[in-house]
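Please read the structure below before turning to the comments.
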Amino acid sequence: MKFTVFRFDPEVDKEPRYSTYEVPVGEGTTLLEALLWIVDNADGSLSFRYACREAICGACAMFVNGKHRLACKTQVKDLRADEVVVHPLPHLPIIKDLVVDMSGFWEKYRAIRPYLIAEGLGDRELYQSHRDRQAIDEMLNCILCACCYSSCPMVWTNPGYLGPAALLKAYRFAADTRDKGGRERLKLVAGEDGVWRCHTVFNCAEACPKDINITWSIQALKRKLARAAVGLKP
Ligand code: SF4
Ligand code: SF4
Ligand code: FES
């Protein structure tokens, strides 16, 4: 199978280029295995990230045949194509080849305080009912791969926008019955670069390899803010 892979080493190349490889592909071969074959057999200088190989770490996110995908989760044959064209996550700065700079993504993620705020409880155990836990199930599947972030037109045009992954996480805690962050966390997403910047385009939900309806969570955050604004319980 022909693989055409985006290449760019800012220390050497003046402009991006493409390399092509003929890669043996069998039943069940994943994109990640094909890329590893290239490194082992054709070009050891090709750079990309991966770690878990089982769709858990989010490191191998890339843009393949026009779609955001996890390389370890995608079987080449499922692409139903004669050629595989591999790009890094679009709209993120390139460090080398398929490796992008995620620092902006992590900075925004940290800004929403992505952890349970439960001060003042001492050593008491935090109970949660089965139903309350189910309410946040889908959001817990996020593996922070940044596919949604890379797909969002508001991120492309507004560098300060928190973006879908951080807002999803903010809602994950706002909807967690154990969290005591409440209005304080809502304040973090209410500003100019917060939820109101989202134009409900649904690109993020479309791009998510974990099928999380991120846009729905952002809308739910907006509803919480609107309730808080008129003095109702968020
Ligand atoms: S919401 Fe989906 S696309 Fe976005 S970071 Fe999480 S897993 Fe990746
Ligand atoms: S729904 Fe909102 S966050 Fe998702 S891609 Fe569109 S503008 Fe971005
Ligand atoms: S290698 Fe971890 S998600 Fe693909």
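Distance between the C-alpha centres of the stretch 28-74 and the stretch 185-209: 28 Å, rounded to the whole angstrom. Residues whose amide H comes within less than 5 Å of that of His68, counting only those at least five positions distant or on another chain, are absent (H built at 1.01 Å from N in the peptide plane).
Evaluating 6.51 cos²θ - 1.76 cosθ + 1.60 at θ = phi - 60° for every residue in the stretch 125-136, the Karplus couplings come out as 6, 9, 7, 8, 6, 4, 5, 5, 5, 4, 5, 10 Hz, glycine and proline recorded as x. Annotation: extensible slack from Arg227 through Trp196 equals 9.7 nm (criterion: 0.36 nm per residue apart, minus Cα-Cα distance).
Simple point charges give the picture: +1 on the Cβ of Lys and Arg, -1 on the Cβ of Asp and Glu, and for the stretch 18-123 a dipole about the Cα centre of about 360 debye. Only Lys, Arg, Asp and Glu carry charge here, each on its Cβ (+1 for the first two, -1 for the last two); on that basis the stretch 120-234 has a dipole of about 440 debye about its Cα centre. Computed from backbone phi with θ = phi - 60° and the Karplus coefficients 6.51, -1.76 and 1.60, the 3J(HN,Hα) list for the stretch 146-156 is 6, 4, 4, 4, 5, 8, 8, x, 6, 5, 4 Hz; x is used for glycine and proline. Absence of a disulfide-compatible partner, taken as no other cysteine beta carbon within less than 4.7 angstrom, is noted in the chain for Cys60, Cys72, Cys142, Cys145, Cys147, Cys152, Cys198, Cys208. In this label model, Met1 and Asp123 are separated by 5.5 nm, measuring between points 7 Å along each Cα→Cβ vector.
Between the helical axis of 214-229 and the longest alpha-carbon principal axis of the chain there is an angle of about 20 degrees. Largest first, the extents of the alpha carbon coordinates of the chain on the three principal axes equal 62, 37, 32 Å.
Among residues other than Ile94 with Cβ under 14 Å from its Cβ, the summed charge is -1 (Lys and Arg +1, Asp and Glu -1). Work out the length of the dipole vector of the chain about its Cα centre, built from +1 on the beta-carbon of each Lys and Arg and -1 on the beta-carbon of each Asp and Glu, and round it to the nearest 20 debye. With only Lys, Arg, Asp and Glu charged at Cβ, the dipole is about 1260 debye. Evaluate E = 1/(1 + (r/R0)^6) for Ala42 and Asn141, where r is the Cβ-Cβ distance and R0 equals 35 Å; express this FRET efficiency to the nearest 0.05. My answer for the efficiency is 0.50. Listed peptides 150-158, 35-43 appear in the order 150-158, 35-43 once ranked by packing, highest mean of other Cβ atoms within 10 Å at the front. Over all other residues within a Cβ to Cβ distance under 14 Å of Met1, the charged ones net out to -3, with Lys and Arg as +1 and Asp and Glu as -1. Can you tell me the 0 to 90 degree angle between the C-alpha axis of helix 164-174 and the longest principal axis of the chain, rounded to 10? Compared with the principal axis, the helix lies near 30 degrees.
Dipole of the stretch 83-231 computed with +1 at Lys/Arg Cβ and -1 at Asp/Glu Cβ about the Cα centre; of Phe202, Gly191, Gly163, farthest Cα towards the positive end is Gly191. Pairs exceeding 20 Å between alpha-carbon atoms, taken from Lys187/Lys210; Lys67/Lys169; Lys73/Lys96; Lys169/Lys224; Lys180/Lys210; Lys108/Lys169: Lys187/Lys210; Lys67/Lys169; Lys73/Lys96; Lys180/Lys210. Estimated from helices alone, the mean residue ellipticity of the chain at 222 nm is -9000 deg cm²/dmol (sum of -39500 (n - 2.57) over DSSP H runs with n ≥ 4, per residue). Taking every protein chain into account, the accessible area of the stretch 144-234 amounts to 44 square angstrom per residue (probe 1.4 Å). Dipole orientation for the stretch 1-103: of the candidates Val12, Val64, Gly44, Val64 has the Cα lying most toward the positive pole (charges on Cβ; Lys, Arg +1; Asp, Glu -1). Shown for the chain: the carbon plus sulfur share of the solvent-accessible area, taken with all protein chains present and a 1.4 angstrom probe, equals 50%.
The values are calculated or read from the model by the stated rules, or taken from the named source; none is laboratory data. Everything numeric in this text was worked out from a predicted model, so none of it was measured. Every residue, glycine among them, receives a Cβ derived from its backbone with ideal geometry; neighbour counts consider all protein chains shown. Surface accessibility is based on the protein's heavy atoms, side chains included, excluding ligands, DNA and RNA. Shrake-Rupley method; radii C 1.70, N 1.55, O 1.52, S 1.80 Å.
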